[in-house]
Each structure stands twice: as C-alpha cells, then as structure tokens.
Amino acid sequence: MASHIVGYPRMGPKRELKFALESFWDKKSSAEDLKKVAADLRSSIWKQMSGAGIKYIPSNTFSYYDQVLDTTSMLGAVPPRYNWTGGEIGYDTYFSMARGNASVPAMEMTKWFDTNYHFIVPELGPDVKFSYASHKAVDEFKEAKALGVDTVPVLIGPVSYLLLSKPAKGVEKTFSLLSLLPKIIPIYKEVISELKAAGASWIQFDEPTLVLDLDSQQLQAFTAAYADLESTLSGLNVLIETYFADLTSEAYKTLIGLKGVTAYGLDLVRGTQTTDLVKKDFPKGKYLFAGVVDGRNIWANDLASSLSTLQALEAVVGKDKLVVSTSCSLLHTAVDLVNETKLDDEIKSWLAFAAQKVVEVNALAKALAGQKDEAFFSSNAAAQASRKSSPRVTNAAVQKAADALKGSDHRRATNVSARLDAQQKKLNLPILPTTTIGSFPQTVELRRVRREFKANKISEDDYVKAIKEEIKKVVNLQEELDIDVLVHGEPEASILQRNDMVEYFGEQLSGFAFTVNGWVQSYGSRCVKPPIIYGDVSRPKAMTVFWSSTAQSMTKRPMKGMLTGPVTILNWSFVRNDQPRFETCYQIALAIKDEVEDLEKAGINVIQIDEAALREGLPLRKSEHAFYLKWAVHSFRITNCGVKDTTQIHTHMCYSNFNDIIHSIIDMDADVITIENSRSDEKLLSVFREGVKYGAGIGPGVYDIHSPRIPSTEEIADRINKMLAVLETNILWVNPDCGLKTRKYEEVKPALNNMVAAAKQLRTKL
Ligand code: GLN
Ligand code: ZN
C-alpha cells in the first residue's frame, strides 16, 4: 500500500508562518520564536501525514521563504553584494537575499512555472564559489526522524536549479548556466552522503523543468548529472519528480533512461497524454509515482475514476510498483477545509484542500491494495454526483449563450483609427493625454470604514457616504492636478491584495464562492485567497454602475469606468475542472459585457477593462500558446464588441515582458492600452523600434509605482521623449505603470504633479 505526497503548504492552516515571519522582520519577536513556530508547523504536518497513513512523506519542503532560495543557500551561491563571508548561511543573509536590506536590494523574483507562486531567481556567473552552506535538508530529515517520522528528503534537482537560474550581471549574453553542472554536483554529493548517513532510504529530486520545451543539449544535462551522481546515490531509492505538464516523448525517454534512478513521479492531472507514454514504454522493475490528486486546485478527487486509471497503470508497471501521489506539491492549493466556516455543506462536499487531499491519496492507495474504504468511496461518489446535477452549478441560459460564442468571432464593427476619431470628437482631449490606472492610496480612515462595514458596525448608508466622500476627494485632487481622464480611485474594491479586483467582482457574480482561510502562498509571507468558480457565471445586477456614475456626476471631465477582464478573473481564481477553461472564460466575458453596456448606458464614455493576468496565463508549452491566446483575446473582445464607436475602451496590463505576445495584444483591439514599462529598461519599446505597428492609443508607464521615489519632471519628460521616438505623437498617453493603492498621498501627489507638468511641457514643443 503505497502513497506519497510531493510537497505540502508551509504557511499553516491560519497563516501562522506569515505572522511569525512578519513579526520577526519587524523585530517584534526573536529568531527563537520564529524557529518554534516553524518547527511546530513541520511537526504537525509530518504527524498529520503519518497519521493519515502516507508511506512516503516529504521533508525539506518547508521553507522560510522559498525552496529555490533554500537551494541557493545549500550551494552557497550568495551573490557577492550581500557580503556573505562563508560558513552556514543564517537568517540575515538569507532574508537579505529574499527581501533586500538597508543597503542592498533583494534578488529578483519570478513566477514558478505557470503557478501564482514566485521564487527567488539564482544569479550565477563563472566566478561563483560553491560550498555546502545550508544543512537544512539533513536537519529537517533528522528532525522528522526524531519525531518518529521516516521521510523522503526533497531537493530541487541540479539541472532544474541551473535552468531556473539567470546569468549574473555582466555575463548575461555569454554565459552557459549548464556549464556549472560539474561545480554543483560535488555539493549535491555531500548532501546525499549526509542524508544516507542520517538514515535516509529514499530521496526525491524535483526536476519540473523536464516538462518544458527543452533542446537536446538541455536533455543531455539530465543524463550527465545523474550519471555523475549514480555512485553516490547507490543504496538509496531515487525518485525524480516532474509536474505541471506532460513530458515530450524525448524528455520522457531521457527521464526513464537516467542512471541510478528507481522511481518517476508524473503529473497525471495536467499531463493528459502521460498515461499513454507510460503504457507504451515503462522500464521493468521501476516505480511509478502516479500524480492523480490535483495539487493545484481545490476540487475533491473523483476517486472512482482515479482508481480505474491507477488499476490500468498498475497492469503496466506491475504490482507493488505503483505509488499513489499528488500531481505536484500541495503548495499551490489551500490548506485545510476544516477551517471553512462560511461555505455551506453542499459546496464543501465538492472540495478538498491539502489536508483532505492527503486523505484521498491514502484512500486510493488502500483501495488499490484491495482495502477499499467503501463508505469513503461512496460518500465521494455521492458528492461527485451532486456536483454534476446541482442546479447551483448549471444555468442553461448561460450555457447556451456561451456555446453560441464558440467558433464565431466578435469584434467592434469599425476599425480602431475611425473609432479614435469619433472618440476624440466627443472627449476633446489634448495630445499626450494624462490618466492613472485606477486605484488611489488606501488611507487608514478608508480601511477602518471598510472593516467596520464588513463587521456590521456601521450601516450601509454610512458606508456609502464615506466612500462617496473618498471619491470626491480623489476627483478633486485629479482636477487640481489637471489630469485629463479621471478615475474614481477604487475605494470600494482595493484591500491591498493582488487579486482584490477579482474578489470584488466575484462577490457580485453568480457561480463564485469565497473561503475564509483558503490562502495560497504567492511569495515569501504573501498569500492570496482565490475565489472558487463552481458554477455557470452570470451577473444578477449591475456591479459598478452606481460608483462610476456617482464619480462622473462630480466632474465634467471624462471618468473611466473600471472593470476587471474575464481572463484575469479566470486566472486569479480556482477554476472549475468539469468544463474547459475557455468555456468558463466565455461565461465571465458575457457577464462583463453586460456591465460594459450598462456603464455605457449610464453615460460613462471611457471604460477600462483590466487584463493584468492575461500574460501569466500563457501555457508552459509553446505548442499550446496559440490556442490559449485565441480564446483569451476573444474573451476580451466579447466584453466590448457591442459598444458605440464613441465609447473608448481601455485595457491595462502589469509586467513588461509582452514582446512575445504583442500581436495578440494588438488583436485585443482596445482603443487604449496602459502597460507597465518603467522597470524594464524600455524592453516594451524595443518592439515598436523593431517595426511593429501600433495604431491604437498606448500609455507605457512613465514611472515606477512600486517604489516610494518621486520622479522629477525632467526624468518623466525624458521617458516620454524616448517613447515619442518610436510611437506616433497622437497615440501616446501619459500615465504611471500601475494603480497607486500601495503608495502614500505624500508620494502620489508630487509624482502625478510632475507627470502632468512633463506632459504639458512636451505639448508646447510638439
Ligand atoms: N485598476 C487596478 C488598479 O489600479 C489595476 C490593478 C492591477 O493592474 N493589478 O489598482
Ligand atoms: Zn497593473
């Protein structure tokens, strides 16, 4: 009876680690306090898994910040600017790399594959002196052992580590990261030897990069690395864990050919072709760790269906060689359903968070071994059936409308340049019009009002009054600053979470549910709480019309209506798994379309539909990009295909690496796009320099809102001039990189003042 968990959330069921970290960083508690919270969390997780009957329990999947940074520490690959002097890496150096310190900024952070988790990117050059500088993997193994739990220590594999790194400054173009393999392998050997000495019998190497599009040289690196490790690994059972997608047949061939390896972990949820690969060819005598329980979503497993998949696989790989596992680390799902007090029992019966998934894995393993827990399986079957037939899930009218969208195309009838002319007649804007992205700073007062309203301490009337006053303040300020297209500041929506623009809309749409503690780590101590889309999506009533028209009534200048786009709502939610993602996206698009049209009817002439997360939804494999971009861009166009030529549709996107999808962005056919630009050395502008034609309005951010620094008028004018060198004067907009909700008024006022001054200065010269 064999069950395995790839990895487990570290934050704790009530984000205990987050609060312990932040209190330690604020110097409100000691290192000892932090260590104690961390040790308690690890111990409860190990005991929970062993109590549930899991055979292969992971260790070293805990982290104070990030598992890739832990590997950087293990290898002693600290960039020189942190002045680390050797020895075991302590909190100071570790958290300086993660978060920066008074004199040195943090290392770069980037998305972990296509998840919402962010890792700290190793910076490696030819001069790095590797040394064994963090014994965390061995310490955690021993710690678990002392608690009576025999674990499988988990390391990020050497090849994935290098492939996820970036070349250090100065050698960006010339350096081959894989050339470092012979230098890091000796450190891995030291770690492996210590683990063996400590009594480990299994070891797990996470090599998720094996699912990417790799060339033969990269694949060859896996072969070389494990051949080199073979003698050190002898005596251990070695699991190579892959996840997040199918392997190409070349990658699969490489994987099953690796020397010294006894087991392969495969993601059977995202990897839809993987079972076929296994059935065609699986090495005799090796173990298959079959990831059938989804680590990236919150749905209860369909146990009957998983069991039949597992039985078919067992027939191929042999009895006792099949281990039931999760599709990837449970890091990417919520922690424990037990703490959900507000979800009703019906919806709860459809869900499984990390703690419940552990139980599912074990139940499947038992069933496979002939000890099926009939009661557990039948209640699971009942929940699956109720989810399929519940009237809360299905809305025939919505399904019909979304079906009708498939295979057809939706775009505005008039081309963009004619539309811009019509809009200009109505809006009468100066050249280089100025605007902002939507949110304004969150004051203490505003937070108090929202908190008290949520806690029923103030009446709805008082709440509305307070929000209106806030909007009035923001409108007056923008008029004083002489901004051309105004925003209402989003005081009703922003609560400093990355995805509150999603939560705000989800709360008003049918088909969404919300958790109280369904947090998922995003980076470091930061977590997000994605809404759950469980049913067909519809919009019972207008969501933003009241606020936008209230704001418009306060000014003669155009007021932008502010919406979150369908792709972003989809990508920042837990999405239903009983229909394709694009179908859910089309449904959301139709709901947003209703809102857009109601805003237009209410006299809002400029409407911004944010698609901050469109880029990050791009699938891992290039072969899947075109399909995703097609339905994502189509969904966006559906939202506004019905508006008049004179209604100006804006969109906004965060992050700057758009160059590969610029044609899809153009195909969104928005009238104006505002886009992050200032942190990226004008990477964005290079596309236009290279000749891509852009005819719609475009506002590449003129200053970085992530920093408290106030940009000068000259600096902004300089930026705009650089843009004017590659873009037509009449399409350029002047705006910051993103919303202003994380900034203070002391920063925002002078910054916007300088921004408007720069625009005005340039207008006189053009
Ligand atoms: N309109 C949103 C804001 O200004 C956009 C947020 C985002 O891009 N993530 O806050
Ligand atoms: Zn943004």
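The values are calculated or read from the model by the stated rules, or taken from the named source; none is laboratory data. No experiment lies behind these values; they were computed from the predicted model shown. We place every Cβ from the backbone using ideal geometry, glycine too, and count neighbours over all the protein chains shown.
Data for the structure
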read-out	value
Counted residues, segment 595-624 - those being surrounded by fewer than 21 Cβ atoms within 10 Å (Cβ to Cβ) and polar (S, T, N, Q)	2
Enumeration of residues in segment 109-134 that are farther than 15 Å from ASP70 by Cβ, under 16 Å from the mean Cα position of the chain (by Cα) and in a loop (DSSP other than H, G, I, E, B)	PHE113, ASP114, THR115, ASN116
From LYS348, LYS372, residue being within 29 Å of SER522 (Cα to Cα), surrounded by 14 or more Cβ atoms within 10 Å (Cβ to Cβ) and of a type outside the set (A, V, I, L, M, F, W, C)	LYS348
Among the candidates LEU752, LEU732, residue that is at pLDDT 95 or above and within 16 Å of ligand 1 (Cβ to nearest atom)	LEU752
Members of segment 704-756 that are of a type in the set (Lys, Arg) and either within 30 Å of VAL416 (Cα to Cα) or not in a helix (DSSP H, G or I) (or both)	ARG709, ARG719, LYS722, LYS741, ARG743, LYS744
Given (1) touching a residue at least 24 places away in the same chain (Cβ under 8 Å); (2) more than 16 Å from ligand 2 (Cβ to nearest atom), index of the condition GLU452 fails	(1)
Residues of segment 418-444 satisfying the condition of being more than 16 Å from ligand 1 (Cβ to nearest atom), surrounded by 11 or more Cβ atoms within 10 Å (Cβ to Cβ) and not in a loop (DSSP other than H, G, I, E, B)	ALA418, ARG419, LEU420, ASP421, ALA422, GLN423, GLN424, LYS426, LEU427
Pairs, first under 16 Å from PHE376 (Cβ atoms) in segment 300-319, second exposed (fewer than 15 other Cβ atoms within 10 Å of the Cβ), C-beta under 7 Å, six or more apart	ALA304/ALA381
The lone exception for ASP246 - which of (1) farther than 23 Å from VAL324 by Cα; (2) assigned to a loop (DSSP other than H, G, I, E, B); (3) charged (D, E, K, R) it fails	(1)
Matching residues in segment 136-172 - criterion: being assigned to a loop (DSSP other than H, G, I, E, B) and crowded, with 23+ Cβ neighbours inside 10 Å	GLY157
Options LYS196, LYS189, LYS183, LYS166: the member that is more than 26 Å from GLU123 (Cβ to Cβ), at pLDDT 95 or above and of a type outside the set (Gly, Ala, Ser)	LYS196
Any hit, segment 452-468, residues being within 14 Å of ligand 1 (Cβ to nearest atom), in the same structural domain as LEU590 (by the TED database) and either under 27 Å from ALA613 (Cα atoms) or more than 27 Å from the chain's Cα centre (by Cα) (or both)	no
Selection count, segment 274-319, where residues are over 30 Å from ASN116 (Cβ atoms) and of a type in the set (D, E, K, R)	7
The listed residue being crowded, with 20+ Cβ neighbours inside 10 Å, within 16 Å of ligand 1 (Cβ to nearest atom) and among the β-branched types (Val, Ile, Thr), out of THR651, THR647	THR651
Residue satisfying all of: in segment 612-641; modelled with pLDDT under 95 and among the charged types (D, E, K, R); nearest to LEU429 (Cα to Cα) among these	ARG615
Residues being within 24 Å of ASP150 (Cβ to Cβ) and free of Cβ contacts under 8 Å to residues at least 12 places away in the same chain - total across segment 9-39	2
Residue among ASP302, ASP320, ASP281 that alone is closer than 25 Å to ASP578 by Cα and out of contact with any Leu (no Cβ under 7 Å at 6 or more places or on another chain)	ASP302
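Here's the yes/no breakdown for (1) part of a strand (DSSP E or B); (2) touching a residue at least 24 places away in the same chain (Cβ under 8 Å); (3) not small (Gly, Ala, Ser):
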position	(1), (2), (3)
VAL537	yes, yes, yes
PHE546	no, no, yes
THR550	no, yes, yes
ASP578	no, yes, yes
ILE588	no, yes, yes
ILE607	yes, yes, yes
